[in-house]
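Working notes for the structure below.
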Amino acid sequence: MPGFLRPPVTLAMVLLLWHGAYILMGRQSYLLPSPWQTLETLAARWSTLAPHAGVTIVEILLGLVLGCLLGGGTALLLALFRPVRRWLMPVLVVSQAIPVFAIAPLLVLWLGYGLGSKVAMAMLIIYFPVTAAFFDGLRRTEPGWLDLARVMGGGRLAVLLRIRLPAALPAFASGLRVATAVAPIGAVVGEWVGSSAGLGYLMLQANARMQVPLMFAALLVLAAFSVALYALVDHGLRRLLPWVPDDHREA
């Protein structure tokens, strides 16, 4: 199938399955609204949805940027300094045994109900995939390249900038793709725990008032933005890493 046909075909299949589930559930919109009811609600309540969507989008983007910066910096420290790696790596591994969602109430307690706690939640979810992927790329640099650089008198900084970093960028790109996919989770969970704005907050309020079509409309906006963000990041990485072989760049 041609690539340009996949998105509309996939969308059509999702809508058909959604409508089929709506029929199987007895056309009870208070349990599952139909796609058309959801789209009608989306159009009718857009003035309500748009401000909340803007808040969630800002939270996701800030969390993604800060999480990638912090994860990339941590990976560099782990790769360059053995003492840091010996002390910090066990802490990172142990930290993953704690469900990030369980930390959300603490973040709200410490940072309040505003933007900070949601950005921090998204950043924590993004941080480890980026750190792990980038560090793995840095430490798996082809040994022959490193030996050649040392023979030619390359210093540590030159080897890092000209060999190790370029070689690790495909791994960093993989971590960034994973981070982009999970970034909305942190923001929305943070909004569920405690907030006064955002799509997660709107979904909770709509659920409490049995406004199920509005809840699904908010979910649809969140899903559309998440897919668009992932596609944009993936396209940007493909353009920025033209030297990566096609078998590594295939989604």
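FYI, it's all coordinate maths here, none of it is from the lab. These numbers were taken from a predicted model, which means no experiment stands behind them. Heads up, the Cβs are rebuilt from the backbone with ideal geometry, glycines too, and the neighbour counts pull from every protein chain shown.
I need to check one value: relative contact order of the chain, counting alpha carbon pairs closer than 8 Å and at least 6 residues apart, in percent.
This gives 26 percent for the chain.
Please give the Cα centre distance for the stretch 1-63 versus the stretch 183-202, rounded to the nearest Å.
That distance is 18 Å.
With charges set only on the Cβ (+1 for Lys and Arg, -1 for Asp and Glu), what does the dipole of the stretch 46-249 come to about its Cα centre, in debye to the nearest 20?
The calculated dipole for the stretch 46-249 is roughly 580 debye.
For the chain, which longest stretch is free of loop sites, where a loop site is one of the trypsin sites (Lys or Arg not before Pro) that DSSP puts outside H, G, I, E and B and that has at most 15 other Cβ atoms within 10 Å?
28-139
So for the chain, taking the charge dipole from beta-carbon charges (+1 Lys/Arg, -1 Asp/Glu), which of Ala208, Gly153, Pro7 sits furthest toward the positive end?
Looking along the dipole axis, the top candidate is Gly153.
Note down the relative contact order for the stretch 139-202 as a percent, whole number, built from C-alpha pairs under 8 angstrom at least six residues apart.
Contact order relative to length: 21 percent.
Grab the alpha carbons of the stretch 61-184, take their convex hull, and tell me the volume per residue in Å³.
In the stretch 61-184, the Cα convex hull volume per residue is 107 Å³.
To the nearest 10 degrees, how steep is helix 82-95 against the longest Cα principal axis of the chain, on a 0 to 90 scale?
20 degrees
Taking just the C-alpha trace of the stretch 160-243, give me its Rg and Dmax in Å.
Just the Cα atoms of the stretch 160-243 yield Rg and Dmax of 17.6, 58 Å.
Taking the Cα centre of the stretch 46-249 as the origin and placing charges on Cβ (Lys, Arg +1; Asp, Glu -1), which of Ser226, Ile185, Ala171 is farthest toward the positive end of the dipole?
The residue sitting farthest along the positive end of the dipole is Ala171.
Please give the direction-averaged projected area of the C-alpha convex hull for the chain, in square nanometres with one decimal.
16.8 nm²
Please work out the FRET efficiency for the pair Leu161 and Ala12, using the Cβ-Cβ distance as r and a Förster radius of 41 Å; give the result to the nearest 0.05.
E between Leu161 and Ala12, to the nearest 0.05, is 0.30.
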